[in-house]
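Below is one structure, written out as structure tokens; comments come after it.
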Amino acid sequence: MKGLFKDIKYDLPAGLVVFLVALPLCLGIALASGAPLFSGIITGIVGGLVVSMLSGSALSVSGPAAGLTVIVLNAIQQIGSFEAFLLAVVLAGVIQIVLGVMKAGIIGHYFPSSVIKGMLAAIGLILVFKQIPHAFGYDKDSEGDFSFVQVDGENTFSELLNAINFLHPGAVIISTISLLIIIFWDKPFLKKYAIVRLVPAALVAVVAGVLINSYFEVFSPLLALKNDHLVSLPVSGSVEAFIGHFTFPNFQAISNPQVIITAFTIGIVASLESLLSVEATDKLDPFKRNTPTNQELIAQGAGNVIAGLLGGLPLTAVIVRSSANINAGGRTKLSAFIHGVFLLISVVAFAGLLNKIPLACLAAVLLVVGYKLAKISLFKSMYKLGWSQFLPFVVTVVAILLTDLLKGISIGMAVSIFFILRNNYKQAYHFNEAGTPDKRQITIQLVEDVTFINKGAITLTLDKLPNDAKVVIDGSKSRFIDIDVLEIIHNFKETALLKGIQLELKGIPEFQGVAGH
């Protein structure tokens, strides 16, 4: 237990910052999903209190996922009731636990680095683009809507134009002051003061935002932000009212095939999104720790089972919360747990007070998180690595910006796989040529692992070999030669006779053809 609290001086302020970031996102994602607002808070609490303790990740933070909003919105409508949908969430959690037990988490290690970094940069840019309207006081779109085409019918870029046309002066003043506080709070000339080191910049910015708006309400009502520009946490006037916010699954809906389809959809998509997020979080981790992916699937599954039983939305590991945790100086999983504690306390005791927080000052916090994820230096460093890394990176960024997280990742993966295939195509063998123009001596040295991916390159090379040459195909250094490649090599024996090629095979296993061929 002592070891758990050894970094509490870092984890406590980080947990508070993550709480401030997570609070409006939990509410916004619930709103965008067509679910009760309290369901988003439930999922945030479960992600903090349950998943953080079961997960093997030190810095990942779980909660309701923006990437699932469209799936959840459609599923609730198709299933017909929120209670039946909750059963699908419970079953999705069971599916994730099964995937973890079956060691399916290994897929998380196969996402190319260029795609993961592209995802981080894209999320950073999305945060910037999506938070600028809130910083300007244009709060028509919910906080949790991260897709290019928004729930309100606008898109990311049209929303920016709307924000400029309908900006609120009071919100601009609050977001600007909050942004300046966050930027200067970390400057060395202020860090020499103990209070600056102890109190997170985001908290100071939020307190300043509340005080400024309170000042506006008294002395300049035209600048004051009204309820639709503030956090809107459900307020419970009593214990009974608080308990009344919980919704429980309808287990009789197990016979509804749409519930089963939704469970598998959420289970697979949430697992992929969580694996992507923990992989990205590990890359941001200053201590470069690695998350056990199978354990992560089990932790996420357990979280979804509990969230579904209590009336919450499906959860995943979320890179926005995780990167906010890292930027705030979090060191261990305690910071994610603390953010869950703050969420629980907030809905029980301080909902009225938190509802005074302007969305404009929270936008300032997220703008800084977004900037740190999408720094220009990241684009420069990826460019220096060459086109095989830079192009998948940029395509991933653009695709996520113009679609959504999973579609963008899929497009980025396709481009990355193209480069992988092209590199393998080139590296199937080493080609050495000697002798005289009349009598060439050619050695084709196969590499350590020769797979079906190399089939095309080897076929073309054998087809282009000159007549009457002496050719050695050497597989003595190969650890593995795919059966497709063996078939090509042994079939070439007949071609070699026709072309007058003197063929020698070294270390090439015999090929047992399929009967009838």
Taking the alpha-carbon centre of each part, the distance from the stretch 39-56 to the stretch 437-465 in Å is 55
Full extension between Phe248 and Leu421 adds, at 0.36 nm per residue less the Cα distance, a length in nm of 57.4 nm
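Pull out the extension gain between Ser255 and Val70, defined as 0.36 nm times the separation in residues minus the alpha carbon to alpha carbon distance; nm, one decimal.
Gain on stretching Ser255 to Val70: 64.2 nm.
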Simple SL model, points at 7 angstrom along Cα→Cβ for Lys384 and Tyr371; separation in nm is 2.3
With the 1.4 Å probe rolled over protein heavy atoms, the stretch 129-218 has an accessible area per residue in Å² of 51
Lys187 and Phe5 label points (each 7 Å along its Cα→Cβ direction) are spaced in nm at 3.7
HN-Hα couplings for the stretch 273-290 via Karplus (6.51, -1.76, 1.60; θ = phi - 60°), in whole Hz with x for Gly/Pro, come out as 5, 5, 5, 4, 5, 5, 5, 5, 5, 4, 6, 7, 4, x, 9, 6, 7, 10
Distance in Å, no decimals, from the C-alpha centre of the stretch 263-338 to the one of the stretch 63-107 is 14
Per the helix-only model, the chain has a calculated mean residue ellipticity at 222 nm (DSSP H runs of ≥4, -39500 (n - 2.57) each, divided over all residues, rounded to the nearest 500) of -19500 deg cm²/dmol
Whole-percent carbon and sulfur contribution to the accessible surface of the chain (1.4 Å, no ligands, DNA or RNA) stands at 65
Computed from every Cα-Cα pair in the chain, P(r) in 10 Å bins starting at 0 and rounded to whole percents is 4, 17, 24, 21, 13, 9, 7, 4, 1, 0
Toy charge model, Lys and Arg Cβ at +1, Asp and Glu Cβ at -1: the stretch 1-127 dipole around Cα centroid in debye, rounded to 20, equals 340
Of 474-483, 402-411, 12-21, 224-233, ordering from highest average Cβ density within 10 Å down gives 12-21, 402-411, 224-233, 474-483
In vacuo Debye sum over C-alpha of the stretch 124-166, base-10 log of normalised intensity I(q)/I(0) at q = 0.29 Å⁻¹, listed in q order, is -1.10
Expressed per residue, the solvent accessible area of the stretch 1-127 in Å² (1.4 Å probe) is about 32
Per the 1/(1 + (r/R0)^6) rule, R0 = 45 Å and r from the Cβ atoms of Phe350 and Thr451, FRET efficiency to 0.05 is 0.15
Given backbone amide H placed at 1.01 Å from N, residues whose amide H is under 5 Å from that of Tyr429, ignoring those fewer than 5 places away on the same chain, are Val447
Given unit charges at Cβ for Lys, Arg (+) and Asp, Glu (-), the dipole magnitude of the chain about its Cα centre in debye, nearest 20, is 1640
The stretch 124-144 scanned against label point 7 Å out from Leu167 along Cα→C-beta; backbone N under 13 Å for 132-138
Expected sort for 177-190, 319-332 on mean C-beta neighbours within 10 Å, highest first, is 319-332, 177-190
Rounded to whole Å², per residue accessible area for the stretch 348-460 with a 1.4 Å probe reads 53
For Leu230, other-chain or 5+-apart residues with amide H closer than 5 Å (H placed, Pro excluded) are Leu359
Quick calc: nm separation of the 7 Å Cα→Cβ label points for Val239 and Asn227 -> 2.8
Out of Asn355, Phe431, Ile420 - ranked by how far each Cα lies towards the positive end of the dipole of the stretch 345-432, with unit charges on the beta-carbon of charged residues - the top one is Phe431
From the cross-link list Lys6/Lys187; Lys192/Lys372; Lys6/Lys117; Lys140/Lys356, the entries with a Cα-Cα span beyond 20 Å are Lys6/Lys187; Lys192/Lys372; Lys6/Lys117
Expected vector for the stretch 381-398, Karplus 3J(HN,Hα) from phi with 6.51, -1.76, 1.60 and θ = phi - 60°, integer Hz, x for Gly and Pro, equals 5, 5, 5, 5, 7, x, 5, 5, 9, 6, 5, x, 4, 5, 4, 4, 4, 5
Here the gain from full extension of Tyr215 to Glu487, 0.36 nm per residue of separation minus their alpha-carbon distance, amounts to 89.8 nm
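To the nearest 0.05, how large is the calculated FRET efficiency for Leu505 and Thr436 if R₀ is 35 Å and r is the Cβ-Cβ distance? List each step's numbers first, then the result.
On the way: r = 23 Å, r/R0 = 0.67.
In this case the efficiency is close to 0.90.
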Taking GluC sites (Glu not before Pro) in a DSSP loop with at most 14 other Cβ atoms within 10 angstrom as exposed, one finds the longest site-free stretch of the chain at 1-447
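The values are calculated or read from the model by the stated rules, or taken from the named source; none is laboratory data. Everything numeric here is computed off the predicted structure, so don't read it as measured data. Counting neighbours? That spans all protein chains shown, and the Cβs are built from the backbone with ideal geometry, glycine included. Accessible surface is based on the protein model in full, side chains and every heavy atom, while ligands, DNA and RNA are left aside. Shrake-Rupley method; radii C 1.70, N 1.55, O 1.52, S 1.80 Å.
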